[in-house]
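First the structure, in the form of structure tokens, and then the observations on it.
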Amino acid sequence: MGQYASKNDEQELAQQQEYMKKAAFYVDGLRQQLGRQPLCCVTTFGCQMNARDSEKLLGILTQIGYAATEVEAEADFVIYNTCTVRDNANQRVYGRLGFLNSMKRNKPHLKVALCGCMMQEQTVIDKIRKSYRFVDLIFGTHNIFKFAQLLVTMFENQEMIVDIWQETDQIVEELPVSRKYSYKSGINIMFGCNNFCSYCIVPYVRGRERSRDPKEILQEIERLVADGVVEVMLLGQNVNSYGKNLDTPITFAQLLQEVEQIEGLKRIRFMTSHPKDLSDELIDVMKHSKKICRHLHLPVQAGSDRILQAMNRRYTKAQYLALVDKIRTAMPDIALTTDIIVGFPGETLSDVEETIDVVRKVQYDNAFTFIYSKRTGTPAAAMENQVPEAVVREGFDKLLKVVQDTAKERAALLQGRVMEALVEEVNEQDASLMTGRLSNNMLVHFPASKSLIGQLVPVFLDRCHGFYYTGYIVE
Ligand code: 5AD
Ligand code: SF4
């Protein structure tokens with residue numbers, strides 16, 4: 001199945017701008033009724049793509065007259081941007097909806113909306129219609145650009161509004177966005193996924209791969225840089241297959257080279273890479289780049305060839321290790337991180353040993369370990385040999401220990417060196433310190449003034465404390 005060569009839909013953009021004006025009228029009515037500015041609270045579950053979508057939701061909400069709050073209890077509009085990659089995220093949403101129900105009884109004008117991946121599942125919609133009837137608005141991943149219009153419909157109706165699309169070839173960008181950080185930003189370069197790893201629900205809830213036009217991506221980054229952004233994170237479920245089926249095909253490595261040319265931009269990150277699509281061209285571009293950060297997130301998922309095949313990952317353990325070798329030979333200082341699933345159907349403790357062997361050989365800087373979660377509708381959910389919980393737990397605990405030990409060893413490697421850090425925020429525990437991020441994604445805490453936020457400074461990495469450093473700025 002091909003990608004769509006998706007250009008920004010100008011007509012739709014104009015329509016949504018009209019709906020924003022109309023929505024602002026209703027929010028103003030609410031302001032008069034309350035005698036203060038109405039507050040909205042956007043809560044994000046899940047990945048960086050959802051975090052970026054939430055910035056778009058908040059952009060529209062603030063544009064139409066809401067002020068943002070992080071305190072849900074004081075909000076007049078609450079929206080959950082949900083995730084369904086693993087079941088525990090779903091359970092958290094249901095738990096919190098219980099609280100919202102009682103909140104709404106005390107505050108009848110409170111509006112509650114749900115969106116994101118979880119809403120693309122019919123079973124979820126059925127459950128909300130039946131058990132959470134107080135919810136005002138539900139939409140999915142494909143029509144988030146219609147948020148302003150959906151808000152107007154919500155204000156004009158009493159009953160629950162549900163609008164879920166199965167697919168879309170539309171890409172509507174350039175709506176207002178309220179960025180969480182002034183100095184860094186995510187940018188969607190593609191949507192959806194065509195890989196169909198057998199455990200994963202993403203292709204079903206996010207649809208087929210669609211790449212954005214490179215010109216539009218570059219223009220968006222230029223606008224962000226003009227607005228103070230120095231670091232971008234290019235986002236996609238599988239960025240290595242970016243651009244393959246655009247009208248004028250372009251590789252991800254070529255896109256990166258174009259992004260590199262943008263003056264004023266200091267750092268480039270991207271996420272996520274599928275090992276099967278990571279090209280020699282990309283390694284070469286990274287190696288010679290001055291802006292691409294020395295970090296690669298390269299999900300391995302499992303180490304046993306039998307399990308990798310059942311997962312439909314399309315690489316073997318040996319191929320993955322050879323790829324890591326190639327990357328490390330080209331860039332010895334690169335940080336590698338990964339995702340691992342334990343407990344995939346049929347996985348034995350000796351399969352987990354194969355995963356542990358990969359962790360020992362690769363020496364990841366960090367690894368996100370997940371217990372397999374059965375997702376309705378995926379091929380793995382129908383497999384008969386689901387693994388008993390006690391076996392999963394045993395393998396998981398063993399793996400986690402090795403992950404933590406190897407990560408600790410890797411972390412200490414930079415101690416005593418001077419590295420560039422992007423100053424991000426005031427340290428949460430000690431206000432005299434600032435927190436900065438190194439190119440390899442590790443954090444360092446050092447005494448500095450708040451005025452340096454958003455700037456790159458050279459920092460001496462004095463001491464490693466397991467997963468972070470303390471240090472000081474050198475001139
Ligand atoms: N169960 C557990 N983990 C999963 N992931 C994706 N689907 C599942 C599932 N069904 C993990 C993968 C992926 C990360 C984002 O979430 O490791 O890389
Ligand atoms: Fe899911 Fe696999 Fe696509 Fe990643 S590459 S989103 S794990 S189907």
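Quick one: which of GLN219, GLN257, GLN309 is over 30 Å from GLU353 (Cα atoms) and free of Cβ contacts under 8 Å to residues at least 12 places away in the same chain? Walk me through it before giving the result.
Working: GLN257 fails: free of Cβ contacts under 8 Å to residues at least 12 places away in the same chain; GLN309 fails: over 30 Å from GLU353 (Cα atoms).
It is GLN219.
Would you pick out the residues in segment 295-351 that are open to solvent by 50 Å² or more (accessible area, probe 1.4 Å) and among the acidic types (Asp, Glu)?
The answer is ASP305, ASP325, ASP333.
Which of the following residues is aliphatic (A, V, I, L, M), away from ligand 1 (no atom under 16 Å from the Cβ), surrounded by fewer than 23 Cβ atoms within 10 Å (Cβ to Cβ) and farther than 20 Å from LEU13 by Cβ: VAL71, VAL78?
Values: VAL78 fails: surrounded by fewer than 23 Cβ atoms within 10 Å (Cβ to Cβ).
So the residue among VAL71, VAL78 that is aliphatic (A, V, I, L, M), away from ligand 1 (no atom under 16 Å from the Cβ), surrounded by fewer than 23 Cβ atoms within 10 Å (Cβ to Cβ) and farther than 20 Å from LEU13 by Cβ is VAL71.
Is it the case, given these coordinates, that THR406 is crowded, with 20+ Cβ neighbours inside 10 Å, modelled with pLDDT under 95 and outside the structural domain of LYS287 (by TED's automatic domain parsing)? Walk me through it before giving the result.
Values: crowded, with 20+ Cβ neighbours inside 10 Å: yes; modelled with pLDDT under 95: yes; outside the structural domain of LYS287 (by TED's automatic domain parsing): yes.
Yes: the conditions hold for THR406.
I need a count of the residues in segment 195-215 that are within 12 Å of ligand 1 (Cβ to nearest atom) and assigned to a loop (DSSP other than H, G, I, E, B).
The total comes to 7.
Any chance you could count how many residues in segment 184-194 are in a strand (DSSP E or B), within 16 Å of ligand 1 (Cβ to nearest atom) and of a type in the set (Gly, Ala, Ser)?
1
Which one is surrounded by the fewest Cβ atoms within 10 Å (Cβ to Cβ) among residues in segment 21-49 that are within 31 Å of the chain's Cα centre (by Cα), aliphatic (A, V, I, L, M) and more than 30 Å from LEU234 (Cα to Cα)?
It comes out as ALA24.
Pick from GLU263, GLU222, GLU216: which is more than 15 Å from ligand 2 (Cβ to nearest atom) and more than 28 Å from ASN143 (Cα to Cα)?
Values: GLU222 fails: more than 28 Å from ASN143 (Cα to Cα); GLU216 fails: more than 28 Å from ASN143 (Cα to Cα).
Result: GLU263 is the single residue among GLU263, GLU222, GLU216 that is more than 15 Å from ligand 2 (Cβ to nearest atom) and more than 28 Å from ASN143 (Cα to Cα).
Since GLY243 meets every condition but one in (1) open to solvent by less than 40 Å² (accessible area, probe 1.4 Å); (2) on the phi < 0 side of the Ramachandran plot, which condition does it not meet?
Condition (2) is where GLY243 drops out.
Name the one entry in LEU265, LEU256, LEU218, LEU235 that is among the hydrophobic types (A, V, I, L, M, F, W, C) and within 16 Å of ligand 1 (Cβ to nearest atom).
LEU235
Identify the single condition in (1) near ligand 1 (Cβ under 9 Å from one of its atoms); (2) β-branched (Val, Ile, Thr); (3) more than 26 Å from GLY207 (Cα to Cα) that THR338 does not satisfy, given that it satisfies every other one.
(3)
Condition first: among the acidic types (Asp, Glu) and closer than 21 Å to ASP405 by Cβ. Can you find one or more residues in segment 339-347 that meet it?
Filtering segment 339-347 for residues among the acidic types (Asp, Glu) gives 339, 347.
Checking which are closer than 21 Å to ASP405 by Cβ leaves us with 339.
For segment 339-347, residues among the acidic types (Asp, Glu) and closer than 21 Å to ASP405 by Cβ: present.
Hey, among ARG96, ARG206, which residue is of a type in the set (Lys, Arg), surrounded by 18 or more Cβ atoms within 10 Å (Cβ to Cβ) and either farther than 21 Å from LEU61 by Cα or away from ligand 2 (no atom under 16 Å from the Cβ) (or both)?
On the way: ARG96 fails: surrounded by 18 or more Cβ atoms within 10 Å (Cβ to Cβ).
Being of a type in the set (Lys, Arg), surrounded by 18 or more Cβ atoms within 10 Å (Cβ to Cβ) and either farther than 21 Å from LEU61 by Cα or away from ligand 2 (no atom under 16 Å from the Cβ) (or both) holds for just one of ARG96, ARG206, which is ARG206.
The values are calculated or read from the model by the stated rules, or taken from the named source; none is laboratory data. Computed from a predicted model, the values in this text were never measured in an experiment. Note that we place each Cβ from the backbone using ideal geometry, even for glycine, and neighbour counts take in every protein chain shown. Surface areas here come from the heavy atoms of the whole protein model, side chains and all, with no ligands, DNA or RNA. Shrake-Rupley method; radii C 1.70, N 1.55, O 1.52, S 1.80 Å.
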